[in-house]
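The values are calculated or read from the model by the stated rules, or taken from the named source; none is laboratory data. In this text the structure is predicted, and so the values were computed from the model without any measurement. Every residue, glycine as well, gets a Cβ built from its backbone with ideal geometry; the counts of neighbours run over all protein chains shown.
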Amino acid sequence: MFSDRQTAPGIDPPLADLMTNAHGTLRDALGALRNLAQLLQSRMVAPKSLASVLPDALEACGPMRISAWTLLDALGTSSTVVPARAALEAFFSPRLEELESALAEAVKRPLGAAARLKLEEVVLQSSFEFDAGRELLQMLEDAAFGRTIRVDPCDLVRAFARPPSVHAEGREVVCAMLSSHDFGEEIDINPRMAMTLITLGIELVGRRAGSGEPNLSITGYGLPVCTIRIKRKPLATGEPLLLTSRGVIKPTVPCLRAAAELSGGHLEWNEASSTFSVSYPNESGARCSETA
C-alpha cells in the first residue's frame, strides 16, 4: 500500500502514460550514473574498461534532460507549483550541463589519474543531486496526483521507520526520536508523499548545528488540525526511528512547501531555530468537535 505508484483517477490517461515513461527513462539513466560512479571509485577497473562505458553514459544525458522536463511540465503552472518548478529547473540545468561536459571531455582522450578523479567527483555529486531531485519530483507528483488514504500519522511513520531495504540503493540512514503522539488523529494523505515530507523535515533539522537528535512529535487530539513538529531536543526519550535519507539539495524547501500545500497542508520551516512543522486537517478531531 505504501510503495506502489498510483495516480489519481482524474489524471488524463495520455499524461499518465507520458509520466510513467519519463519516470522509467529517468530511473534507468540514474541507475547507469550510479553504476558509473561505482566503476570510477573502484581502482580495480582499468581505464580501458571505463572508456568503454563512457559513451553510453554521455548518451543518457539527453533522455535524462527530456524526462526531467517532461515531469516538471506535468506538474502544471499553478501559483503553488511555480516556485518549486523554478527552483528545480534552476538546479537541474547547470548540473546536467556540467555532467554532459565532463563526460564529453572524458570520451575525447585517455582517462589518466587526475582526469579520472575529476570525473569521479562530478559523477558522484551528480548522482546524489539527481537522485535527490528525482525524490522531489516524485513527492510533488504524489502530492498533486497520488491517491490518498485516511491514516494515523504515527502508524505511517512507524511503517516507514525500519532499516533500509535492499532497494535503498546504498543511501544513508536518517535517525530521529518519536517522543510524543496524541492517539486518535487521522489525516487524509498520500503515504509516500507524507513520508518524503517528514523524512526531509528530519534531514533539514539534523543538518543544523545543535545537540541531540531530531525529535518528532505529533499533536492534535480533539483539535481540527494535526501537527507534526520536528526539532532538536537534547537527551530526548521515546521511540527511535530509522528512515532512508532522501538527500537535501537547494530546491528542497520550496518543493516541500509546494507539496504540503498541494496535499492540503501547511508547512513552516524556521531556519534560525531549526524547527520544522507541517499541519493537516485532523479527521478525528473534526469528528470530536461535531459530537461535542
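Applying the selection to the range 235-261, what residues are surrounded by fewer than 18 Cβ atoms within 10 Å (Cβ to Cβ) and among the hydroxyl-bearing types (S, T, Y)?
T237
Of the conditions (1) farther than 25 Å from L137 by Cβ; (2) surrounded by fewer than 18 Cβ atoms within 10 Å (Cβ to Cβ); (3) within 22 Å of the chain's Cα centre (by Cα), R232 fails just one. Which one is it?
(2)
Take the residues in the range 142-157 that are in a helix (DSSP H, G or I) and of a type outside the set (D, E); name whichever of them is surrounded by the fewest Cβ atoms within 10 Å (Cβ to Cβ).
Among residues in the range 142-157 that are in a helix (DSSP H, G or I) and of a type outside the set (D, E), the one surrounded by the fewest Cβ atoms within 10 Å (Cβ to Cβ) is C154.
Show the residue pairs that are 6+ apart or on different chains and have beta-carbon atoms under 8 Å apart, the first residue being within the range 84-96 and closer than 13 Å to T70 by Cα, the second being of a type in the set (S, T, Y).
Short answer, once both residue conditions are applied: R85/T77.
Among the residues in the range 51-61, are any buried (at least 19 other Cβ atoms within 10 Å of the Cβ) and of a type in the set (S, T, Y)?
Looking through the range 51-61, none of the residues is buried (at least 19 other Cβ atoms within 10 Å of the Cβ) and of a type in the set (S, T, Y).
Would you check if there is a residue in the range 251-266 being closer than 19 Å to D182 by Cβ and either touching a Ser or Thr at 6+ places or on another chain (Cβ under 6 Å) or at pLDDT 95 or above (or both)?
At the first step, the residues of the range 251-266 found to be closer than 19 Å to D182 by Cβ are 265-266.
When the remaining residues are screened for being either touching a Ser or Thr at 6+ places or on another chain (Cβ under 6 Å) or at pLDDT 95 or above (or both), the result is 265-266.
Looking for residues that are closer than 19 Å to D182 by Cβ and either touching a Ser or Thr at 6+ places or on another chain (Cβ under 6 Å) or at pLDDT 95 or above (or both), one finds at least one in the range 251-266, hence yes.
Show me the strands (runs of 3 or more DSSP E) found entirely inside the range 188-292 where at least 3 residues are closer than 22 Å to A161 by Cα.
214-219, 225-232, 239-244, 275-281
Being assigned to a helix (DSSP H, G or I) and buried (at least 20 other Cβ atoms within 10 Å of the Cβ) narrows it down to one residue among A90, A106, A114; which is it?
None of the others qualify; the one that does is A106.
Pairs only if they're at least six apart or on different chains, beta carbon under 7 angstrom, first in the range 271-292 and closer than 20 Å to I189 by Cβ and among the charged types (D, E, K, R), second at pLDDT 90 or above and not in a helix (DSSP H, G or I); list them, first residue then second.
That search, which allows pairs on different chains as well, returns E283/R150; E283/I187; E283/D188.
Collect the residues in the range 235-265 that are farther than 28 Å from S127 by Cβ and under 18 Å from the mean Cα position of the chain (by Cα), keeping them in residue-number order.
E261, S263, G265
Return a yes/no flag: does the range 210-217 have any residue that is at pLDDT 90 or above, in contact with a His (Cβ under 8 Å, 6 or more places away or on another chain) and over 22 Å from L136 (Cα atoms).
Yes, the range 210-217 contains at least one residue that is at pLDDT 90 or above, in contact with a His (Cβ under 8 Å, 6 or more places away or on another chain) and over 22 Å from L136 (Cα atoms).
Mind checking whether some residue in the range 70-79 is in the same structural domain as L136 (by TED's automatic domain parsing), of a type in the set (V, I, T), part of a loop (DSSP other than H, G, I, E, B) and in contact with a helix residue (DSSP H, G or I) (Cβ under 9 Å, 6 or more places away or on another chain)?
yes
Among the candidates L200, L103, L136, single out the residue that is assigned by TED's automatic domain parsing to the domain that holds W69 and within 22 Å of the chain's Cα centre (by Cα).
L136
Starting from the range 165-193, take each residue that is among the hydroxyl-bearing types (S, T, Y) and list its partners that are assigned to a loop (DSSP other than H, G, I, E, B) and at pLDDT below 90, counting only C-beta distances under 9 angstrom and pairs at least six apart or across chains.
S179/K233; S179/A236; S179/T237; S179/G238; S180/G238
Name the residues in the range 192-212 that are buried (at least 21 other Cβ atoms within 10 Å of the Cβ) and over 29 Å from A37 (Cα atoms), would you?
Answer for the range 192-212, where residues must be buried (at least 21 other Cβ atoms within 10 Å of the Cβ) and over 29 Å from A37 (Cα atoms): just A194.
Which residues, taken from the range 62-100, are closer than 14 Å to A259 by Cα and of a type in the set (K, R)?
Correct list: R85 only.
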